[in-house]
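Participant: What follows is a single structure, and I will ask about it in a moment.
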Amino acid sequence: MTEQAGMQEMYTLKTIAETLNTSNDLNLMLETVLGKLLQLTGLTAGWVFLIGTQGEYSCISDHGLPPALLRKDKQPMRCGSCWCVNRFRDGRLDNAVNIINCKRLEDAVEHQWGDTHDITHHATVPLRSGERMLGLLNVAAPGKEHFSDSELALLQAVAYQIGSAMERMRLYSAEQRRADLYVRLGEFSRSLGMTVNDCNNADDMAKRVVKLLGHHYDWPFVAIVSQKNGSFRVQAAHIHGKAELPTRCELSSEGESHMQRVIHSHRAEILSGPEIQEVSTRCPNTVNASALPLGLAAPIPLSAPGETAVLVVGLASANDFIQADREVLDALAEHITASWESLRLVDKRRELTRLEERNRLARDLHDSVNQILFSLSLTAKGAESMLAGSEQEQLHPAAEAMKDIRSLSQEALKEMRTLIMQLRPAGLESGLLSALQEYGTGQGLQVVVTRTGMRSLPRSIEEELWRIGQEALNNIRKHAGVTSAEITLQLSGNEAILTVTDRGKGGAKRREAMPATSLGLSIMRERAQSLGGSLELASSSRKGTSVTVVIPLPSESV
């Protein structure tokens, strides 16, 4: 190499290095440095392919392309494959090499796409930073069919400079991405904190979470997959800026295995294209979502035993910033877990408020209406005695009326005490069946209780079953004409069945006394339906009457 050629190479490398430091925008940097490189080397055309870890490529920059490669918005540079890209994918492209008969230009000549400027060959140089392979630099000139060793060495040195600059920009962009994601995390957390008190249940919470994530982040697909009774279902999804409820809830066994892998890892995991499709295709309007190249999923541990959810997001591209998204997804899972716990505390606070209000109402009724009825009963009894003890030979006509008033007031007093007992239940601490048995005894009934299965009942379900059992016992006292009843509670992994039976008069007379449209029966049925259950009344003249309520239970599996 002559001294002049060496000086020219040094000048070229210096100019390229200066150019690389002028911008942090990758596209602008590559466009500028490519133009400088061609100008300094006397070449006329060049282009840069960025190639991802999955083998996908894009022509991110070009300069001086012949018209044949510019047709239809540079379609020849965006579609198909060629020798250099294939070699890169196979891991066989390590150094700058000569490429004979460029396939894209061959296709241009064969299909008559336009003028190729007599370019038939190009040099291909891999772009790398350390061991990280980034893409390819291709340069060419009309009629140039060979590049000398010194030319290839210069191109390789330039490629190393470009690769290092690209890595620096990648790291800079990744940090910008991470900072932006964490800023959005703060905004999301504030929005979520303000909306927790407005959520009615877990499904409502899930819908609000994915809607907020879709609003604050640029992920095209967000979903929460919950585990219930051993199976996974898409609880809520946000797709392309629109909140949706899934139409096909449950995942396949293969999809469940992906979710189990995420749960066992205790951190955000990368999902492949097919794995993210397994979740996205369970939701409506997922034509584009099913084409997502990659996804992320993070477990959301819930406080209820055996309950876990998985937060799943789809990425628009297999970008280099996935680590930042992964870190933020872990943080999001922690925030959502805390909000879910807050929702449970809100529910408990609401329940305590309801209990306090019922207790207040019970006290007010006891201190006011109950005392008035008691006074009325005593007054009627006194008046009855006075009238019965008069000197008249015949009983005073008002005496019989006073007797009726006393009887009615005592009955009303008994009903009021029952109502107060219903408002302010006592004895649930010792168990549902014990409380119902004690309540029945107070109503003058002999109650036999039977229990099968062992598991705890959520407080909300236990209290509703208590209310239903109370009403059923009241109906037996009023309408059955018997002094005994049987109560059976069957508990399994997924449901509770409470049956209240009597051997009294059933059939038509009993149904007339307690028709299907009666207030008491309607209230019992509404209580059962509010928990997602059902209530059935069966009555016959020979077997008596039974009320059966079936309530689904949350899973207790770990």
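Participant: Which whole-Hz couplings ³J(HN,Hα) result when phi for each residue of the stretch 454-465 is put into the Karplus expression 6.51 cos²θ - 1.76 cosθ + 1.60, θ = phi - 60°, listed in order with x for Gly and Pro?
Facilitator: 10, 5, 7, 9, x, 4, 4, 6, 4, 5, 5, 5
Participant: Find out how many positive minus negative residues lie around Val447, taking Lys and Arg as positive, Asp and Glu as negative, among other residues whose Cβ is under 12 Å from that of Val447.
Facilitator: Charge balance near Val447 sits at -2.
Participant: Another one. Within 11 Å, Cβ to Cβ, of Pro66, how many net charges do the neighbouring residues add up to if Lys/Arg are +1 and Asp/Glu are -1?
Facilitator: Result for the neighbourhood of Pro66: -1.
Participant: What is the gain in length, in nm to one decimal, between Ser492 and Ser375 on full extension, counting 0.36 nm per residue of separation less the C-alpha to C-alpha distance?
Facilitator: 37.2 nm
Participant: What distance in nm lies between label points placed 7 Å from Cα along the C-beta direction at Tyr160 and Gln410?
Facilitator: 10.9 nm
Participant: Roughly what would the spin-label model give for Gln529 and Ser434, points 7 Å off Cα along C-beta, in nm?
Facilitator: 3.5 nm
Participant: Now for a separate question. Could you pull out the chymotrypsin sites (Phe, Trp or Tyr not before Pro) across the stretch 190-241 that fall in loop regions by DSSP (anything but H, G, I, E, B) with no more than 16 other Cβ atoms inside 10 Å?
Facilitator: Qualifying residues, ordered by number: none.
Participant: Could you give the size of the charge dipole of the stretch 52-123 about its Cα centre, using +1 on the Cβ of each K and R and -1 on the Cβ of each D and E, expressed in debye and rounded to the nearest 20?
Facilitator: Roughly 180 debye, rounded to the nearest 20.
Participant: How many nm separate the modelled label positions at Lys348 and Glu250, each set 7 Å beyond the Cα in the direction of the Cβ?
Facilitator: Label-label distance for Lys348 and Glu250, simple model: 3.3 nm.
Participant: State the percentage of accessible surface on the stretch 96-205 attributable to carbon and sulfur atoms; use a 1.4 Å probe and exclude ligands, DNA and RNA.
Facilitator: 49 percent
Participant: As an exercise, identify the trypsin sites (Lys or Arg not before Pro) in the stretch 8-110 lying in DSSP coil whose Cβ has no more than 15 other Cβ atoms within 10 Å.
Facilitator: When the trypsin sites (Lys or Arg not before Pro) of the stretch 8-110 are filtered for loop state and at most 15 Cβ neighbours within 10 Å, Arg92 remain.
Participant: Enumerate the amide H contacts of Thr120 below 5 Å, restricted to partners 5 or more residues apart or on another chain; note that Pro and chain-start residues carry no placed amide H.
Facilitator: Gly143, Lys144
Participant: Now for a different question. Please compute the volume of the convex hull spanned by the alpha-carbon atoms of the stretch 8-110 and report it per residue in Å³.
Facilitator: 127 Å³
Participant: Taking a threshold of 24 Å on the Cα-Cα distance, which of the pairs Lys403/Lys505; Lys348/Lys414; Lys207/Lys348 fall above it?
Facilitator: Distance filter (> 24 Å) returns Lys403/Lys505; Lys348/Lys414.
Participant: Let me ask something else. Cα to Cα, under 20 Å, and not fewer than 8 places away if on the same chain: which lysines meet these conditions relative to Lys14?
Facilitator: Straight-distance partners of Lys14: Lys36.
Participant: Could you tally the net charge around Ile119, taking each other residue with its Cβ under 14 Å from the Cβ of Ile119, Lys/Arg +1 and Asp/Glu -1?
Facilitator: Cβ neighbours under 14 Å give a net charge of -3.
Participant: To make sure I understand the rule: partners must be lysines, Cα under 24 Å from the Cα of Lys211, and not fewer than 8 residues away in the same chain. Which ones qualify?
Facilitator: Cross-link targets: Lys228, Lys242.
The values are calculated or read from the model by the stated rules, or taken from the named source; none is laboratory data. Please read these numbers as outputs of a predicted model, since none were measured by experiment. Positions of Cβ are backbone-derived with ideal geometry, glycine not excepted, and every protein chain shown enters the neighbour counts. Side chains included, ligands, DNA and RNA excluded: accessible areas come from the protein's heavy atoms. Shrake-Rupley method; radii C 1.70, N 1.55, O 1.52, S 1.80 Å.
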